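Here the structure is laid out as C-alpha cells; the discussion comes afterwards.
The values are calculated or read from the model by the stated rules, or taken from the named source; none is laboratory data. Since we're looking at a predicted model, the values are computed, not measured. Note that we place each Cβ from the backbone using ideal geometry, even for glycine, and neighbour counts take in every protein chain shown.
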Amino acid sequence: MMLRPRPRIGIYESSAGPSGSSRYVESILSAIDTDEFDVILFCRAGGPYAPRHGLTLEEVMPQARLRVAQPAPAPLSKRPWRAVTPAWLKLWSGFGQESLRLAAAFRRRPVDLLHTNNAGCEESGVAGRIAGIPRVLGTFHIDSRVDVAQRRNGLRYRTLEFVSNQCLHAAIAVSDATGREWIRRTRLAPRRVVTIRNGINAGKSVRSIDQTAARQKLGLPIGDALIIGGVGRLDAVKGFDVLLNAAASLAADYPNLAIALAGDGPLRQPLEQQAERLGIANRVHFLGFRQNITEVYEALDIFAMPSRCEALPYALLEAMTAELPAVASNVGGVPEVVAPGETGFLTPVEDHRALAAALKTLLDNPTLRQQMGRAAHHRVVHHFSEQEMVAHTIELYRRLLTGARATSTRIAA
C-alpha cells in the first residue's frame, strides 16, 4: 500500500536576528506536527534559527554583515548607468531581480503551501507565484503606517506593494486594525484576510526574581526608585522621544523617577542627546539589546509604549504578562490589547502631555499599579494564547491545502 505523501509547508522568514516575526515563526515550528507536514524553513544564513528534528533549513539569503561605515561609491566610469537611471526604475528592477532569485530558490525545494512572513511590499509573495506554488499565505506583522517618514507613499512604491499583496491567496493579520489597514491600502479582498492575533506562553513570563534583584542585575536604581520602561528598537516609530519629553515634565515632582530603555537602533545617540538637553540624562538608562528580556520587565513599575505605529506588539503582551500596567499610544492593534482603566491607559500618539498625565496617575497610586498589573496578566492569559494562535494558523494551513478559502473573520480573540 502506497503511503500518501505529507503536504509540504514552506515558511519564509528572513530576519538576521531575533525579531517579532522570528518569534512568531518559532511558535509555529515548536507546535507543528512533522508527522502531518513536511516543513521547510526558507531563511537567512546565520539567522536566528537552529536545525531541529523534522525541519529542513534552506538558506536563501546571505548572512547579514555589520556595516561599520558606508563604502565609497564606485567610480562613475564603472557604473555610468546608475547616474542616469531613475530611482523608480532602480526600485522596480531590484524588486524584479530579487523576486526571480527567490523564485529559483523556492523551485529547488517545491512546497504545496508557502507561508511568507514578509507580507507588505515584499518580493517573497511574487516569487512564490512565479515558482508555481499552489498556495501562498502571508502574515502582516507590521501596520502599513510604519512608514512614519512617508518615504514609501509614492505611486511607484505603492504599485509594487499592491502587486505583492495581490499575489497572496490568503493573508493573516495579527490584529483587526492591521487587517483593515492593509485591505484599504492594497485593495485586498476582505474575504482573503483573517485575523489571528499574536499570542504568547504566559507561563514563561512569571516573575523569577524580585524587583530589587532584577534592578541590581541591570545596573538600575534600587531603593524607592520608580522606574518606567520601554522595550523595542530605538527608531522613530517607537516614539521613545515622546517618552523622554513626558519624563522631563514629571522630573521635578518625582526625584526618584528613572527611565529604562531596552533595545538598540539608529536613534540611540539622538535619544541620549535629547536626554541631555532635557536635563534628565542621569535618569535615563539605555540597556541595549537584552537576550533575556524578562529580567527587564521584572525591574519595572510601569511599562510605556508611546509608539507612532504598531500592529500587535509582543513587547506589550510580555509586559502585561509580567503584571505591569501599560501606558500606550492608541494606534494599530494596541487598543485590542490594552483595556483602558482596567489594564492601563491609552494616549493619543505624539502627545507627551497626555502620556505624562497617565503616567502620573500610576506613579501616584501603587495600589492601582498592582490592580492593573494583575488584570493585565489575566487578560493576556485568557485572550492572547500562543497555543490558540498556532492552532488557528495550522488549521488555516489545512483549509488552504484542501482548496478552501480563507474567510474574513477574527478566528482568535
Of the residues in the range 146-188, those that are small (G, A, S), at pLDDT 95 or above and part of a loop (DSSP other than H, G, I, E, B) come to S175
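Residue-wise test of (1) modelled with pLDDT of 95 or more; (2) of a type in the set (F, W, Y).
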position: V25; (1), (2): yes, no
position: M61; (1), (2): no, no
position: A64; (1), (2): no, no
position: S77; (1), (2): no, no
position: F95; (1), (2): no, yes
position: F106; (1), (2): yes, yes
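I need a count of the residues in the range 323-332 that are closer than 14 Å to A299 by Cα and surrounded by 24 or more Cβ atoms within 10 Å (Cβ to Cβ). Let's see the steps before the verdict.
In the first step, residues of the range 323-332 are kept if they are closer than 14 Å to A299 by Cα; the result is 323-325.
Going one step further and asking which of them are surrounded by 24 or more Cβ atoms within 10 Å (Cβ to Cβ), we end up with 324-325.
Qualifying residue count, the range 323-332: 2.
Here is a check on your reading of the model: is R215 outside any loop (DSSP other than H, G, I, E, B) and either within 13 Å of E298 (Cα to Cα) or of a type in the set (F, W, Y) (or both)?
Spelling it out, R215 is indeed outside any loop (DSSP other than H, G, I, E, B) and either within 13 Å of E298 (Cα to Cα) or of a type in the set (F, W, Y) (or both).
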Of all residues in the range 1-54 being of a type in the set (V, I, T) and not in a strand (DSSP E or B), the one that is nearest to N117 (Cα to Cα): V25
Any chance the range 305-313 includes a residue that's within 17 Å of A357 (Cα to Cα) and not hydroxyl-bearing (S, T, Y)? yes
Go through the range 261-284 residue by residue and tally those that are out of contact with any Gly (no Cβ under 6 Å at 6 or more places or on another chain) and in a loop (DSSP other than H, G, I, E, B). 5
Out of (1) over 22 Å from V174 (Cβ atoms); (2) buried (at least 16 other Cβ atoms within 10 Å of the Cβ), the one L317 does not meet is (1)
For the range 226-260, which positions are in a loop (DSSP other than H, G, I, E, B) and either touching a residue at least 60 places away in the same chain (Cβ under 8 Å) or of a type in the set (S, T, N, Q) (or both)? G232, G239, Y254, N256
How many residues does the range 184-206 hold that are charged (D, E, K, R) and surrounded by 14 or more Cβ atoms within 10 Å (Cβ to Cβ)? 3
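Is it true that S124 is in a helix (DSSP H, G or I), buried (at least 21 other Cβ atoms within 10 Å of the Cβ) and touching a residue at least 60 places away in the same chain (Cβ under 8 Å)? Explain how you work it out, then say what you get.
Details: in a helix (DSSP H, G or I): yes; buried (at least 21 other Cβ atoms within 10 Å of the Cβ): yes; touching a residue at least 60 places away in the same chain (Cβ under 8 Å): yes.
The answer is yes for S124.
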Which of the residues that make up the range 6-63 are of a type in the set (D, E) and surrounded by 14 or more Cβ atoms within 10 Å (Cβ to Cβ)? E13, E26, D38, E58, E59
Residues of the range 237-263 being surrounded by fewer than 23 Cβ atoms within 10 Å (Cβ to Cβ) and not hydrophobic (A, V, I, L, M, F, W, C), which ones? D241, N245, S249, D253, Y254, P255, N256, G263
Cross-chain or 6+ apart pairs with Cβ under 6 Å, the range 263-282 first and over 22 Å from S19 (Cα atoms), then of a type in the set (V, I, T): A275/V284
